[in-house]
Amino acid sequence: MRYLLRRIGFLLFTGWAALSINFIVPHLMPGNPAQVMLAKFQGRLSPQALAALTEAFGLNTDKSLFVQYLEYWKRIFSGDLGVSLTYYPSKVTAVLAQSVPWTLGLVGSATVIAFTVGTLLGIFSAWRRGSLLADGLVPAALFFNSIPYFWLSLMVLYLFAYSLGRFPLAGGYDIYSTATGLAKLPSIIHHAVLPLSTIVITALGGWLLTMRNNMISVCSDDYVAFAYAKGLPDREIKYRYAARNAVLPSLTGFSMSLGFVIGGSLLTEVVFSYPGIGYILYQAVTSLDYPLMQAIFLFISLAVLVANFFTDLVYALLDPRVKDEGD
Amino acid sequence: MGKARRILRNKKALTGAAILVFLTLVAVFAPVIAPYGPNETRFLPGQPPSREHLLGTTSLGQDIFSQVVWGTRLTLVVGLVTGSLCAAISTTIGLVAGYFGGWVDEILSLITNVFLVLPGLPLMIIIAAYITVQSVVPIIIVISITGWAWGARVLRSQMMTLKNRDYVKAAVIAGESPLRIIFCEIFPNMLGLIVANFFGAALYAVLSEAGLEFLGLGNVNAVTWGTILYWAQNNQAILMGQWQWMVVPGVLIAVLGMSFALLNFAVDEMTNPRLRR
Amino acid sequence: MSVLLHVENLSAGYVQPEGRVLAARNINLQLAEGEFMGLAGESGCGKTTLAYAIAGLLQPPGRVFEGKVLFNGRDLLELSQAEMRKVRWKEMSIVMQASMNVLNPVMRVRHQFYDVLRTHSERHDPQYFDQVALEMFRLVGISPEYLDAYPHQLSGGMKQRVAIAIALALRPRLVILDEPTTALDVVIQRSILQQIDSLRSELGFSIIMITHDLSLLVEIADTIAVMYAGCVVERAPAEELYRDPHHPYTQGLMRSFPPLVGTRQRMHGIPGQPPNLASLPTGCPFHPRCPRAMPGRCNVMTPSLQEVKPHHYAACLLYADASSSAASQA
């Protein structure tokens, strides 16, 4: 119980921190980006929109920073994240709502697959240490872990979409097809294969190596030796004694690496023009659509925090020592 | 020296170091190796690889091979500087939090955990996007600010283990100042972990640098492998069939990253006896 | 009584980059059915390596370099993994040193009984498992409610007792106890050892108990073997060893324990440090610390175990001339 409370507390605190960073950053930057942006949109925005923007970015120097901070919070809680400049006059929340499902689907499934496969391979690599395959996985994992996400995406795109023409070059689904509802599914899957594979391949290595190291560490622990002395079958020792304990630090690492995976997936989306948050973020950055950028950052931070919280819950379920922590 | 021999015997360390040394040499001797300047645009644009242009030319008429060679310099410098800065921050915070404990630790750990959880790349993008000045310096700063958390946490736990060792307690009783204890007594015993952390930070720096530059942040007119990729992407290199414009810088980034990853893994192996075969 | 365990010329140790380090050299031991043998010696003398070698638990870089471990006539070292697994726990079990961590932290204690019963007994019903577990708990004196506890909820002493309980669950023929009572207070120590001993009389299993506490062994063991620097330097029935130790090392050890009753005496330790197994002195490994060392002989010749009295063996050059036709192996 105490553990849960602590995690919730941390979640709230970090959420607050993320939101505050979001607010503070534009005010801290040199070179007054807001002015630049205003100048850019001078002719194109209505006076009301301009006024709103001025408000939002604190160019209205009537109000003190603190007051603006409070108003920022008010706006957040009322769901008003502003209006997108690129997709004007769409509200930011509308733009987000459209792209979030794509990213959730892509990144969500990629992360789950990468973690599961990576962990299983890590168990194998550690258990069969000394064999060619098991040891060969290590440098392979190291290599794929060092490849920049976006570059692998480019290569995959070039090879399979452009050269071989087996997969589409862009998009989340075939925008020209007239299929509706579930009939769109095959097209969606077809479009998702390449970006999904890219993320999985790059993320897998990290988890493989972590699990492998954990397993090796755990295997030198006394209870594994005891299990072996008890004459238990190999498989039981591997899973119920070793892996079951080794997976715990992996879960901890999972939370931490989630942020990194998200980042990489953003770049992947850009390369594949996949209509998710990453792609939208890219558009926003290139066109200096600050309201949208900030909203996206907010959303991503909160999503990662929530995911972290769920990981912590799973960890608490798996490690009985956690409940008695705090003594 | 036993340690030197161990380093030489470790294949991963050797490979990683060899790659790093090779790339450093390329960077240092860039003017000699590259046939042309990186920004000379006097060549025929869009050329495929040939004897005069080993990697062909860009859509703007620059020699790709020269760009790649010259680009080694800035890429390496940014990578190493960022890695060092990031490692310095994580080492300081980790060591201080671990040693002093108490409320110092609580505050620092809270900050560390917050930065750990916040997704790095989006944060970097946001911050970098606001910077209107075209330079690599903001990139360095931004990456360092967002990437130190993991190393800090690892070093903090190691410090907490070590500070309870007898020789530290003896030093405390002898009246050594905390700073002296941290740097003269404990630090040498953590060297392995600190070095491994540096390589980890360098890897993170190289990949983040490439990512940000690819998105067009930083200085797109500087010549680094990341910016080469930016221009390649912006000029539809893949669709134009100029695959080498895309492939080569990317492979190099991966290779550089891998050298740091290897060194990181190797130092980890050497300092953690359980991982040794 | 038949011989249950016969260790023949066993040498085991560790493979280091600098070369081999022998932790157990040319060990020869015999254990009869139902016999309680104590293995005594300082830390680092190779007792645990020997125990692990016998139990087939040496992991790299540990290795058995030569010799045989004949258990019921079969050489355990020659068995395949699968065959050895059948021997484990059912025939021979082990309680490891510092049992703090031998229990799986994420499994309830109950299940750690279950898995060994499920693997080795023919039964599959939880009722039988519970029955066995409860009886074992009663034997070692732990309240049955702890069956459902997780290891971290138990105290150090309780974990040790659980480990002992699990070791006895299948009524093996040989139980190896490696410093089983170091974490326990003296009262529990005695009680547990007495319980183990009475179980032994009841069920007839043999025990090898490793400890550095010679005084403990004197009371309950049948035979005591004293180890130094990887070799057995003296071996005799317990009482005989206590009354008439021959090897200077054993004599030194005996002098280091005060008797509970009797006049107060000045205690003598044994001066010096135990040797580094990787660089042993020439000749007898004990000679640098031996008060009765003979220069010119003890630093040159390595003594082997000789029978100095009936059933009493010592490896010391002081008795090398005295023993006449005693067999050189013991």
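Just checking, how many residues over the stretch A:276-288 are over 12 Å from the mean Cα position of the chain (by Cα), more than 7 Å from every other protein chain (Cβ to nearest Cβ) and assigned to a helix (DSSP H, G or I)?
4
Of the residues that make up the stretch C:121-138, is at least one closer than 22 Å to A:Y228 by Cβ, at the interface with chain A (Cβ under 9 Å from one of its Cβ atoms), out of contact with any strand residue (DSSP E or B) (no Cβ under 6 Å at 6 or more places or on another chain) and of a type in the set (S, T, N, Q)?
No, there is no match, as no residue in the stretch C:121-138 is closer than 22 Å to A:Y228 by Cβ, at the interface with chain A (Cβ under 9 Å from one of its Cβ atoms), out of contact with any strand residue (DSSP E or B) (no Cβ under 6 Å at 6 or more places or on another chain) and of a type in the set (S, T, N, Q).
Applying the selection to the stretch C:150-176, what residues are surrounded by 17 or more Cβ atoms within 10 Å (Cβ to Cβ) and either more than 14 Å from chain A (Cβ to nearest Cβ) or outside any helix (DSSP H, G or I) (or both)?
Answer for the stretch C:150-176, where residues must be surrounded by 17 or more Cβ atoms within 10 Å (Cβ to Cβ) and either more than 14 Å from chain A (Cβ to nearest Cβ) or outside any helix (DSSP H, G or I) (or both): C:Y150, C:L154, C:G157, C:M158, C:R161, C:A169, C:L170, C:P172, C:R173, C:L174, C:V175, C:I176.
Condition first: among the hydrophobic types (A, V, I, L, M, F, W, C), surrounded by fewer than 24 Cβ atoms within 10 Å (Cβ to Cβ), farther than 25 Å from B:V142 by Cβ and more than 8 Å from every other protein chain (Cβ to nearest Cβ). Can you find one or more residues in the stretch B:218-227 that meet it?
No, the stretch B:218-227 contains no residue that is among the hydrophobic types (A, V, I, L, M, F, W, C), surrounded by fewer than 24 Cβ atoms within 10 Å (Cβ to Cβ), farther than 25 Å from B:V142 by Cβ and more than 8 Å from every other protein chain (Cβ to nearest Cβ).
Conditions tested, residue by residue: (1) over 19 Å from B:G102 (Cβ atoms); (2) under 24 Å from the mean Cα position of the chain (by Cα); (3) in contact (Cβ under 8 Å) with a residue 24 or more places away in the chain.
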| site | (1), (2), (3) |
| --- | --- |
| B:R153 | no, yes, yes |
| B:S157 | no, yes, yes |
| B:N164 | no, no, no |
| B:V168 | no, no, no |
| B:V172 | no, no, no |
| B:G175 | yes, no, no |
| B:M190 | yes, yes, yes |
| B:I194 | yes, yes, yes |
| B:F199 | yes, yes, yes |
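Count, please, the residues in the stretch B:52-64 that happen to be surrounded by fewer than 22 Cβ atoms within 10 Å (Cβ to Cβ) and at negative phi.
Within the stretch B:52-64, residues that are surrounded by fewer than 22 Cβ atoms within 10 Å (Cβ to Cβ) and at negative phi number 5.
Do you know which residues across the stretch A:226-263 are away from chain B (no Cβ under 14 Å), small (G, A, S) and part of a helix (DSSP H, G or I)?
Passing the criteria: A:A227, A:A229, A:A243, A:S250.
Can you report the number of residues in the stretch C:29-55 which are over 14 Å from the mean Cα position of the chain (by Cα) and not acidic (D, E)?
Number satisfying all stated conditions: 2.
For the stretch C:177-187, does any single residue satisfy the condition of being surrounded by 16 or more Cβ atoms within 10 Å (Cβ to Cβ) and on the phi > 0 side of the Ramachandran plot?
The answer is yes; a qualifying residue exists.
Are any residues in the stretch B:92-137 surrounded by 23 or more Cβ atoms within 10 Å (Cβ to Cβ) and acidic (D, E), and if so, which ones?
Of everything in the stretch B:92-137, nothing turns out to be surrounded by 23 or more Cβ atoms within 10 Å (Cβ to Cβ) and acidic (D, E).
Determine whether B:Q233 is modelled with pLDDT under 85, within 11 Å of chain A (Cβ to nearest Cβ) and touching a Phe, Trp or Tyr at 6+ places or on another chain (Cβ under 8 Å).
yes
Give the number of residues within the stretch A:289-314 that are over 16 Å from A:L81 (Cα atoms) and facing chain B (nearest Cβ under 8 Å).
Residues flagged as over 16 Å from A:L81 (Cα atoms) and facing chain B (nearest Cβ under 8 Å) within the stretch A:289-314 amount to 3.
Mind telling me which of the residues C:M107, C:M96, C:M92, C:M100 ends up being within 14 Å of chain A (Cβ to nearest Cβ), within 19 Å of C:T181 (Cβ to Cβ) and in contact with a Phe, Trp or Tyr (Cβ under 8 Å, 6 or more places away or on another chain)?
Values: C:M107 fails: within 19 Å of C:T181 (Cβ to Cβ); C:M92 fails: within 19 Å of C:T181 (Cβ to Cβ); C:M100 fails: in contact with a Phe, Trp or Tyr (Cβ under 8 Å, 6 or more places away or on another chain).
Result of the check over C:M107, C:M96, C:M92, C:M100: C:M96.
Limited to the stretch A:171-218, what total is found for residues that are among the hydroxyl-bearing types (S, T, Y) and at pLDDT below 85?
The total comes to 6.
For the stretch B:127-187, which helices (runs of 4 or more DSSP H) that fit wholly inside it have 2 or more residues that are out of contact with any helix residue (DSSP H, G or I) (no Cβ under 8 Å at 6 or more places or on another chain) and farther than 19 Å from B:I89 by Cα? Please lay out each step first, then the result.
Details: elements: B:137-147, B:149-162, B:166-173.
Once the helices (runs of 4 or more DSSP H) in the stretch B:127-187 are filtered for at least 2 residues that are out of contact with any helix residue (DSSP H, G or I) (no Cβ under 8 Å at 6 or more places or on another chain) and farther than 19 Å from B:I89 by Cα, what remains is B:166-173.
Select, from A:I216, A:I280, the only residue that is touching a strand residue (DSSP E or B) at 6+ places or on another chain (Cβ under 8 Å), crowded, with 21+ Cβ neighbours inside 10 Å and touching a residue at least 24 places away in the same chain (Cβ under 8 Å). Give the derivation first.
On the way: A:I280 fails: touching a strand residue (DSSP E or B) at 6+ places or on another chain (Cβ under 8 Å).
None of the others qualify; the one that does is A:I216.
Which one is nearest to C:S256 (Cα to Cα), of the residues in the stretch C:27-51 that are outside any helix (DSSP H, G or I) and of a type in the set (S, T, N, Q)?
Going residue by residue through the stretch C:27-51, those that are outside any helix (DSSP H, G or I) are C:27-46.
When the remaining residues are screened for being of a type in the set (S, T, N, Q), the result is C:28, C:30, C:43.
Values: C:N28: 27, C:Q30: 28, C:S43: 15 Å.
My answer is C:S43.
The values are calculated or read from the model by the stated rules, or taken from the named source; none is laboratory data. The structure displayed is predicted, hence computed values, not measured ones. Backbone-built Cβ (ideal geometry, glycine too); neighbour counts: all protein chains shown.
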